[in-house]
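FYI, it's all coordinate maths here, none of it is from the lab. These figures come from a predicted structure and were not determined experimentally. Cβ placement follows ideal geometry from the backbone for every residue including glycine, while neighbour counts extend to all protein chains displayed.
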Amino acid sequence: MNFDDPAEKELRASVAGTVARPGEPGYDEAVAIWNGSITRRPSIVVRCTGTDDVAAALKYARGAGLEVSVRGGGHGFSGFALTEGGLMIDLSPLKSVTVDPTTRTAVAGGGVNWGELDAATQAHGLAVPGGMISHTGIAGLTLGGGIGWLCTLAGLTCDNLIGAEVVTADGSVHHVSEESEPELLWALKGGGGNFGVVTAFTYRLTPVGPLVNFAMFFWRPEQGRDALRFARDFVPTLPADCGAFIAGTNAPNAPFVPEELRDKPGWLLAVVGFGDAESHARAIAPVRANKDLPPAVEDVEAIPYTRLQGMFDHTGPWGAYSYEKAVHFNELTDEVIDIMVEHQPKKTAHLSFTPILVMAGEYHRVQEESTAFSGGRTGKYVVNVTAVCPDRESFETDRVWVRNYWEELAPHAVGKGSYINFMSEYDEDRVKAAYGAAKYARLAAVKTQYDPDNVFHLNANIKPAGSREAR
Ligand SMILES: Cc1cc2nc3c(=O)[nH]c(=O)nc-3n(C[C@H](O)[C@H](O)[C@H](O)COP(=O)(O)OP(=O)(O)OC[C@H]3O[C@@H](n4cnc5c(N)ncnc54)[C@H](O)[C@@H]3O)c2cc1C
């Protein structure tokens with residue numbers, strides 16, 4: 001603590017949460033984010049318990065001329081929850097979740113993660129479409145878009161965002177909804193952390209589970225080309241109540257997997273049915289009927305939705321050194337598949353992998369203009385080449401693997417669009433290209449209204465319209 005600074009004394013006296021400088025209780029916990037490759041160190045952290053704490057932190061930071069970063073779940077690939085030498089607003093203490101089963105809505109604090117939100121909503125047989133790793137924060141994921149198992153049935157996470165409590169750079173609190181400040185609500189649906197600190201999210205809920213029908217098929221590396229060609233022809237035949245996922249990854253380390261394949265690389269196809277078991281069995285029948293391509297592993301069972309949501313947690317361990325680059329496709333053409341099977345085995349880290357997210361159904365029905373989401377609504381697959389490494393040495397190697405792999409995939413992509421939550425680096429041109437000129441200009445106008453000085457710039461940054469930076 002700086003005892004000579006009256007502003008810091010005032011900050012410490014006014015917040016209900018914790019203020020911590022390096023060495024003080026709470027600091028190390030707050031700055032320990034998911035991506036272990038990020039080494040930035042804030043000079044001060046404010047662990048906020050509500051809007052008043054956030055406003056006090058912003059006032060102090062602006063007075064002291066400190067850069068501001070915002071931590072929701074701390075899971076961002078870019079690691080922009082951390083500022084170097086500035087002030088970090090840590091929302092981890094905001095853990096409250098309230099579910100109203102009558103109106104099918106939920107309100108969740110800015111520090112909640114998907115495991116916590118799913119547990120609360122599933123107590124009522126309801127869910128918000130979320131991410132696929134339960135220890136990811138709801139905040140960053142929602143603000144960037146949010147792709148997961150329920151995308152086909154109920155759209156992106158941001159498609160289900162109906163309100164938010166936001167503290168803007170001037171410290172004022174906004175209760176945003178379709179009726180109140182709808183343009184800000186639109187911007188929060190994909191525009192990232194550009195407009196203020198979101199202390200609470202209000203979601204529309206969808207009936208899900210509590211049991212869902214899960215099917216996983218796994219093929220050996222040498223079956224990769226045929227497996228991917230089969231998957232791209234099969235996935236479009238799935239009904240709207242099924243979510244699908246394809247990946248170049250490792251087989252589960254589970255008893256139903258032959259010992260020699262456990263945790264070994266190959267190609268995975270998973271199909272989750274949110275309807276009845278018969279309809280799911282009908283949906284996956286073509287995989288089982290394909291005698292030319294017998295999977296090396298098959299697992300079909302009814303599991304709790306909450307287990308599905310945590311099933312891949314081990315593939316993204318906390319503290320991993322990580323890097324990724326994503327690309328969107330309309331089709332997995334033979335050329336794209338050839339690139340995948342050529343590059344996938346070149347990774348060095350055990351957990352580095354290539355998830356292929358299948359975009360269908362409700363995701364395509366939502367109008368492009370109705371959200372700020374950066375990925376576009378036409379693409380059918382998001383391929384996210386991801387390095388997940390145990391140390392810096394393998395991180396350096398697999399970062400090159402990601403870049404080389406991505407360079408070859410990119411010419412086959414849909415436009416230049418991308419999903420901002422799957423960017424490790426926010427190259428300005430890529431952010432502009434991701435949104436496209438019209439959406440970027442609309443976002444810049446919202447930015448000008450709510451954050452004209454670009455206080456919130458540690459993100460996929462939208463420059464205020466008319467600012468020198470924007471030109
Ligand atoms: C292992 C792993 C798995 C993932 N799986 C998926 C997936 O299945 N689907 C998917 O869509 N994405 C997925 N992602 C990407 C994920 O959406 C982003 O990393 C997201 O930013 C994480 O949010 P967070 O709150 O945990 O992160 P943080 O690092 O806390 O935040 C990321 C950024 O969001 C902004 N921000 C965070 N909280 C707030 C707030 N309350 N108010 C204002 N701004 C805020 C800040 O700019 C911050 O830098 C995954 C990421 C990882 C690392």
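Quick notes on this structure:
- Rounded, prolate or oblate (a/c below 1.5 giving rounded, otherwise prolate when a/b exceeds b/c) for the stretch 213-313 by Cα gyration tensor: oblate
- Principal semi-axes in Å for the stretch 97-207 [√(5λ), Cα gyration tensor, largest first]: 21, 14, 13
- The chain, helix-only ellipticity at 222 nm - DSSP H runs n ≥ 4, -39,500 (n - 2.57), divided by all residues, nearest 500: -8500 deg cm²/dmol
- Partners of K95 within straight-line reach, counting aspartates and glutamates whose Cα lies under 18 Å from its Cα and excluding those fewer than 8 residues away in the same chain: E29, D52, D53, E116, D118, E165.
- The overall shape of the stretch 211-422, judged from the alpha-carbon gyration tensor, is rounded, with an a/c ratio under 1.5.
- Model label sites at T397 and A302, defined 7 Å from Cα along the beta-carbon direction, differ in position by 4.6 nm.
- Full-stretch length increase - E84, A7 - with 0.36 nm per residue and alpha-carbon distance subtracted: 25.7 nm
- In degrees, nearest ten, helix 392-409 long axis to first principal axis of the chain (Cα): 70
- Listed residue pairs exceeding 21 Å between alpha carbons, taken from K189/K447; K325/K463; K325/K380; K432/K463: K325/K463
- Rounded, prolate or oblate (a/c below 1.5 giving rounded, otherwise prolate when a/b exceeds b/c) for the stretch 261-342 by Cα gyration tensor: oblate
- Cα-based reach from K291 at 19 Å (exclusive), listing aspartates and glutamates while leaving out same-chain residues under 8 positions away: E222, D226, D233, D299
- Percent antiparallel among DSSP beta bridges (both partners in the stretch 1-138, rounded to 5): 50
- In angstrom, the C-alpha Rg and Dmax of the chain are 22.0, 76.
- Each Lys and Arg contributes +1 and each Asp and Glu -1, all at the Cβ; summed about the Cα centre of the stretch 269-382, the dipole is approximately 160 debye.
- For the chain, a crude dipole built from +1 on the beta carbon of Lys and Arg and -1 on the beta carbon of Asp and Glu, taken about the Cα centre, is about 400 debye to the nearest 20.
- Contour minus Cα-Cα distance for A240 and D334 (0.36 nm per residue): 31.3 nm
- Helix 334-343 and the longest principal axis of the Cα set of the chain meet at an angle near 70°.
- Loop sites in the stretch 405-462: GluC sites (Glu not before Pro), DSSP, at most 16 other Cβ within 10 Å: E425
- Pairwise label distance in nanometres, S96 with E24, each label 7 Å out on the Cα-Cβ vector: 2.5
- Within the same chain, lysines fewer than 8 places from K9 are excluded, and of the rest, those with a Cα less than 17 Å from its Cα are K59.
- With at most 15 neighbouring Cβ atoms within 10 Å, loop chymotrypsin sites (Phe, Trp or Tyr not before Pro) (DSSP) excluded, longest segment of the chain: 4-255
- The chain: angle of helix 51-64 to the longest principal axis, Cα-based, in degrees nearest 10: 70
- Taking label positions 7 Å along the Cα-Cβ direction at both E369 and A64, the computed distance is 4.5 nm, reported to one decimal.
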